[in-house]
Amino acid sequence: MFDPRHIEDVLDRDLPTLWREEDATAAAENRRRAAGKAALTRAGKGQRKPALASDPKKDGMYPRLKGWDEFDLDGLLR
């Protein structure tokens, strides 16, 4: 339950109108920021990501698994 004097004070100072204006300003700012972010994303969409300096598979960082070729020949990797 709200205190009636508090509600009367809020309405006398016309705070709901002020809150609506602040909310509209904040929403417009958020839309502007989102549009800018989307434009940056679209602008960078065609760019390729830089390749890694080295490929771990080619550098031998991962051990070669025994029996992998037979497993692949069985067709279980489809």
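For Phe2, the shell of other residues with beta-carbons less than 14 Å away shows a net charge of -2, using +1 for Lys and Arg and -1 for Asp and Glu.
Using every pair of distinct Cα positions in segment 1-45, the Kirkwood expression returns a hydrodynamic radius of 13.2 angstrom.
So how strong a dipole does segment 1-45 carry about its Cα centre when Lys and Arg Cβ are +1 and Asp and Glu Cβ are -1, to the nearest 20 debye?
820 debye
Each reported figure results from applying straightforward, stated rules to the coordinates on display, with no laboratory input. Remember, it's a predicted structure, so these values are computed and weren't measured experimentally. When we count neighbours, we look across all protein chains shown, and the Cβ atoms used for this are built from the backbone with ideal geometry, even at glycine.
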